[in-house]
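Colleague: I am attaching a structure below and will ask some questions about it afterwards.
The values are calculated or read from the model by the stated rules, or taken from the named source; none is laboratory data. Quick caveat, the model's predicted, so the values are computed rather than measured. Here the Cβ positions follow ideal geometry from the backbone for every residue, glycine too, while neighbour counts run over all protein chains shown.
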Amino acid sequence: MKKGKSLPDRAWRLSFLAILVFLLCSSGFSQYREYHLFGIVVDTESNPLAGVDIFLQDLNTSRNYRVKTDKSGKYVLSGLPHGRYQVTVKKDGYETRTFEWDFSQPQERMQKVEMETIILASTEKLKMLTTLKELKQAVAEVMEMINRNDLETALSRLQELAARYPDDPNIHYLLGVTLGRLHRYEEAIPELTRVTELTPEFAPAYQQLGFCYQSLKNMDKALENYRKSVELDPANAVNLYNLGLTLFEMDKVDEALSYFEQALSTRSDDLDTLEMIARCYINKGDLTKAVEYLEKARALARNEEKIKFLDSFIATLKVQIKK
């Protein structure tokens, strides 16, 4: 017959088990209730995304956790043990994103943590962004060609881009500018007109159209486009000067003078504007006023040929004033 265990021995064992349970609960098992995470997943327009899968893998233990966003795009993950996690966020039709979340600090009590908003771009949006990035790079390359006056190469590249991106206003604008610089004004006009259809508020397109029409001696159309350019960008000295020059060529001297003066108030050191104001006063018969503006231009001139021209112009007017 087996002997029963002695009371002291049984009590010791029960006491040991109680201590063991306490130690396990206070150390090992408590880690399963350390972090309470919550957050939201949205698209690039800040709309909540439902049904997004969020997978977490503990980098040390390979334990996995999974949560899905609700109809409000929100997720809650409660009772996460401490550790470093590789996080994968995915939804059909959207980019897949990965993060590393570091919750390696053990906690004695549950810690609530509001996570940073996760933004997922749709695959369509990603495609568009990739296209825009490629287009931006191509435009920068073409602009460099134009700046170094390699116009034929720029034109060839732009024509290729226009076939690929038929509704991009940047391509049409640069095509118009390049054709204009090549004096192919009649070809430039449809390109620039297309820009005004795609982006009606883009003042430089009207300015370039005005220049093309002016070069073709279609002064009414030049005036129409320069006026629109000034309307959209009234502080632009080039717009104001071009409009003034067109009006001057149409013998509308008083109106031209008004725009030249506005241009000068925006850019006071522009020699061409000062000279055109002087020419306006000559047409109005005020030679003294004309000399005043020519002398202002002379004081600012640095080019030797320009200085000689202005000196001669001023001397001629002063002789006429004496007479």
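Colleague: Run Ala263 past the list (1) closer than 26 Å to Glu305 by Cα; (2) among the hydrophobic types (A, V, I, L, M, F, W, C); (3) surrounded by fewer than 19 Cβ atoms within 10 Å (Cβ to Cβ) and report the number of the one that doesn't hold.
Modeller: Every condition holds for Ala263 apart from (3).
Colleague: If you don't mind, there's one more thing I want to ask. Is it the case that region 285-304 has a residue that's within 26 Å of Leu174 (Cβ to Cβ) and either surrounded by 14 or more Cβ atoms within 10 Å (Cβ to Cβ) or touching a residue at least 40 places away in the same chain (Cβ under 8 Å) (or both)?
Modeller: No, every residue in region 285-304 fails to be within 26 Å of Leu174 (Cβ to Cβ) and either surrounded by 14 or more Cβ atoms within 10 Å (Cβ to Cβ) or touching a residue at least 40 places away in the same chain (Cβ under 8 Å) (or both).
Colleague: Restricting attention to helices (runs of 4 or more DSSP H) lying wholly within region 223-323, give those where 2 or more residues are farther than 20 Å from Tyr206 by Cα.
Modeller: On the way: elements: 237-249, 253-266, 271-283, 287-300, 304-322.
Correct list: 253-266, 271-283, 287-300, 304-322.
Colleague: Output the qualifying pairs, or none if there are none: Cβ atoms under 8 angstrom, residues six or more apart or on different chains, first residue in region 91-103 and assigned to a strand (DSSP E or B), second residue charged (D, E, K, R).
Modeller: Note: pairs meeting the criteria are Tyr94/Asp43; Arg97/Lys90; Glu100/Arg84; Trp101/Arg84; Asp102/Arg84; Phe103/Glu34; Phe103/Arg84.
Colleague: Does any residue in region 176-191 that is of a type in the set (Asp, Glu) come within less than 9 Å, Cβ to Cβ, of a residue that is not in a helix (DSSP H, G or I) six or more places away or on a different chain, and which pairs are these?
Modeller: Close Cβ pairs satisfying both conditions: Glu186/Leu216.
Colleague: I've got another one for you. Report yes if some residue within region 56-66 is buried (at least 17 other Cβ atoms within 10 Å of the Cβ), outside any helix (DSSP H, G or I), charged (D, E, K, R) and within 29 Å of the chain's Cα centre (by Cα); otherwise report no.
Modeller: No, every residue in region 56-66 fails to be buried (at least 17 other Cβ atoms within 10 Å of the Cβ), outside any helix (DSSP H, G or I), charged (D, E, K, R) and within 29 Å of the chain's Cα centre (by Cα).
Colleague: Moving on to the next point. Is one or more of the residues making up region 192-199 buried (at least 24 other Cβ atoms within 10 Å of the Cβ) and free of Cβ contacts under 8 Å to residues at least 24 places away in the same chain?
Modeller: Looking only at region 192-199, we keep the residues that are buried (at least 24 other Cβ atoms within 10 Å of the Cβ), and these are 192, 195.
Those still in the list that are free of Cβ contacts under 8 Å to residues at least 24 places away in the same chain too: 192.
Checked region 192-199: at least one residue is buried (at least 24 other Cβ atoms within 10 Å of the Cβ) and free of Cβ contacts under 8 Å to residues at least 24 places away in the same chain.
Colleague: On to the next question. Looking only at region 123-133, count every residue that is under 21 Å from Leu174 (Cβ atoms), surrounded by 11 or more Cβ atoms within 10 Å (Cβ to Cβ) and under 14 Å from the mean Cα position of the chain (by Cα) and tell me the total.
Modeller: Adding up the residues that qualify gives 1.
Colleague: Hey, can you tell me all the residues within region 59-98 that are closer than 12 Å to Val41 by Cβ, of a type in the set (Phe, Trp, Tyr) and at pLDDT 95 or above?
Modeller: Of everything in region 59-98, just one residue is closer than 12 Å to Val41 by Cβ, of a type in the set (Phe, Trp, Tyr) and at pLDDT 95 or above, namely Tyr75.
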